[in-house]
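A.B. asks: Structure provided below as structure tokens; questions to follow.
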Amino acid sequence: MTLIKFSSSSLDNERKKNPTLKGHKLVILTPWEPAPGVIDSLQKQFPDLVIQYHKSEWNTPGAGGGGAESPLPIEQWKDVTIVLTFTYLPDPKDAPKLRYVQLISAGANHILDHPLFKETEVEFCTANGVHGPQISEWLLLTYLAFNHHLPHYLSLQQKATWSRGDFNSIEDATAKTIGILGYGAIGRQTARLAVAMGMRVHAYTLHPRPTPESRKDRSWAPPGMGDPEGLFPAKWFSGASKQDLHAFLASGLDWLVVSTPLTPGTRHLLGKEEFALLYESSTTVKCVDEETGEVKERGRTFVSNIARGPVIDTDELIEALEKGLIRGAAVDVTDPEPLPDGHRLWRTKNVIVTPHVSGASTRYNERVVAILEENLGRLGRGERLVNGVSRREGY
């Protein structure tokens with residue numbers, strides 16, 4: 001593969017200061033129109049920046065990546081240098097001056113095979129950090145709802161039935177251990193909430209974080225959120241091998257949060273071996289079937305997936321739930337997705353399924369614009385952009 005090198009230097013080499021962003025053109029491609037005042041605010045900060053908005057739906061594929069009609073006339077791409085987008089990307093030959101792509105998603109797996117990513121030096125940045133507050137709330141919500149038997153009590157409410165059931169088996173979160181597989185923006189904010197409840201945090205990262213400096217977070221996060229200094233984990237685990245992963249899973253986890261990016265290396269990262277290991281490495285708990293009253297021994301770990309569905313082998317997740325290898329699960333992402341009507345997972349007990357909504361928030365767009373604004377400022381100052389996507393690692 002030969003990378004296309006444009007006539008002017010790439011962002012990695014271009015460090016000249018240009019605070020007004022003279023010569024730059026930003027195209028905003030989003031399903032929503034920018035909130036009143038957003039474009040005016042950007043224009044005041046960067047008076048020489050040309051800004052255009054064109055509506056583009058969430059599922060619009062990019063040229064060269066499935067083919068789609070461009071949200072703006074093809075000839076207008078020739079002088080675009082910056083684009084804010086989710087899925088649509090131009091053909092490299094149509095956008096020779098493009099330097100920086102700001103994604104409105106925290107993940108980048110959907111653009112990894114696009115020619116603009118594979119065959120050029122255009123810098124891509126994610127909206128990493130935009131989901132931290134709301135997804136960590138979803139994680140906490142579903143974990144506590146399961147622990148406090150809330151789904152059962154809500155079903156009783158629908159029947160107008162007052163029954164306390166086996167309330168003596170309700171557990172709180174104090175002194176429990178949470179393992180966070182992928183200690184990025186979402187993982188760090190989840191750790192903040194977990195520590196506030198008295199939980200112990202184990203963090204897992206791809207690369208070792210042996211020093212205080214290496215544990216710092218250099219990605220974007222809303223003010224006062226996350227774990228910028230990397231202080232919350234009581235233990236750090238790292239590595240790309242199965243042995244490294246298994247050492248983390250065997251560390252006595254009451255709650256496993258899966259928040260790792262989807263890459264070729266993380267597809268089906270959790271399967272039969274991993275669920276068996278979770279069961280074998282922790283003490284079991286007695287659980288009462290609310291429908292039958294039967295008491296059963298189950299594995300201690302509750303598993304939450306807000307990453308991508310294929311990170312977990314769905315069939316093995318169902319087996320682990322049905323065999324009692326784990327206590328329960330909450331998934332906001334599935335494989336396949338959308339989860340088809342009649343799929344076995346819908347009928348599986350002890351699992352909470354939501355349709356990929358954990359990242360929803362009325363403040364989502366505001367945070368995306370904040371990341372764009374931060375990176376435009378960095379571009380003008382000749383600094384490295386935040387949330388850059390690594391072509392080697394795919395996130």
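A.B. asks: Near the amide H of residue 220, under 5 Å away, which other amide H atoms are found, from residues 5 or more places off or on another chain, if H is placed in the peptide plane?
C.D. replies: Long-range HN contacts for residue 220: 387.
A.B. asks: Give me the dipole magnitude in Debye, nearest 20, for region 236-395 about the Cα centre, with unit charges on the beta carbon: positive for Lys and Arg, negative for Asp and Glu.
C.D. replies: That gives region 236-395 a dipole magnitude of about 540 debye.
A.B. asks: Mind checking region 271-362 for GluC sites (Glu not before Pro) that DSSP puts in a loop (not H, G, I, E or B) and that have at most 14 other Cβ atoms within 10 Å?
C.D. replies: Within region 271-362, the qualifying GluC sites (Glu not before Pro) (loop, at most 14 other Cβ atoms within 10 Å) are 291, 294.
A.B. asks: What is the distance, in nm, between label points placed 7 Å from the Cα along the Cα-to-Cβ direction at residue 145 and at residue 213?
C.D. replies: So the label points at residue 145 and residue 213 sit 4.4 nm apart.
A.B. asks: How much accessible area per residue does the chain have, in Å², with a 1.4 Å probe?
C.D. replies: Details: 18830 Å² over 395 residues.
Counting only protein heavy atoms, the per-residue value for the chain is 48 Å².
A.B. asks: Here is a further query. Residue 54: net charge of surrounding residues, Cβ under 12 Å, Lys/Arg +1, Asp/Glu -1, itself excluded?
C.D. replies: Net charge around residue 54: -2.
A.B. asks: Same structure again: Leaving ligands and nucleic acids out of the surface, order 318, 170 by accessible area at 1.4 Å, largest first.
C.D. replies: Reading off the accessible areas and sorting them downward yields 170, 318.
A.B. asks: Further question: When each pair of different Cα atoms in the chain is counted once in the 1/r mean, what is the Kirkwood radius in angstroms, to one decimal?
C.D. replies: Across the chain, the inverse of the average 1/r is 22.7 Å.
A.B. asks: Give me the net charge of residue 261's neighbourhood, meaning all other residues with Cβ under 9 Å from the Cβ of residue 261; Lys, Arg count +1, Asp, Glu -1. Let's see the in-between values first.
C.D. replies: Details: positive: 308; negative: 393.
Here the count lands on 0.
A.B. asks: Given a 1.4 Å probe and every protein chain left where it sits, what share in percent of the accessible area of the chain is carbon and sulfur?
C.D. replies: Exposed carbon and sulfur together represent 53 percent of the surface.
A.B. asks: With r as the distance between the Cβ atoms of residue 58 and residue 286 and R0 = 51 Å, compute the FRET efficiency 1/(1 + (r/R0)^6) and round to 0.05.
C.D. replies: The value I calculate is 0.70.
A.B. asks: In whole Hz and in residue order, list the ³J(HN,Hα) couplings for region 210-226 that follow from phi through the Karplus curve 6.51 cos²θ - 1.76 cosθ + 1.60, θ = phi - 60°; x for Gly and Pro.
C.D. replies: Here the 3J(HN,Hα) series is x, 10, x, 5, 5, 8, 6, 9, 9, 8, 6, 8, x, x, x, 10, x Hz.
A.B. asks: Same structure, new question: At 0.36 nm per residue, and after removing the present C-alpha to C-alpha distance, how many nm does the segment from residue 162 to residue 344 gain when stretched out fully?
C.D. replies: So the extension gain works out to 62.5 nm.
A.B. asks: Oh, and also: Looking only at region 282-376, where both bridge partners belong to it, what percent of the DSSP beta bridges are antiparallel (to the nearest 5)?
C.D. replies: In region 282-376, approximately 35 percent of DSSP beta bridges are antiparallel ones.
A.B. asks: With θ set to phi - 60° and the Karplus curve 6.51 cos²θ - 1.76 cosθ + 1.60, what are the ³J(HN,Hα) couplings of region 101-115 in order, to the nearest whole Hz, using x for Gly and Pro?
C.D. replies: 10, 9, 7, 9, 10, 6, x, 10, 4, 6, 10, 5, 9, 6, x
The values are calculated or read from the model by the stated rules, or taken from the named source; none is laboratory data. Every value quoted in this text rests on a predicted model; they were computed, and no experiment measured them. All Cβ positions, glycine included, derive from the backbone under ideal geometry; neighbour counts span all protein chains shown. Only protein heavy atoms, including side chains, enter the accessible area calculation; ligands, DNA and RNA are left aside. Shrake-Rupley method; radii C 1.70, N 1.55, O 1.52, S 1.80 Å.
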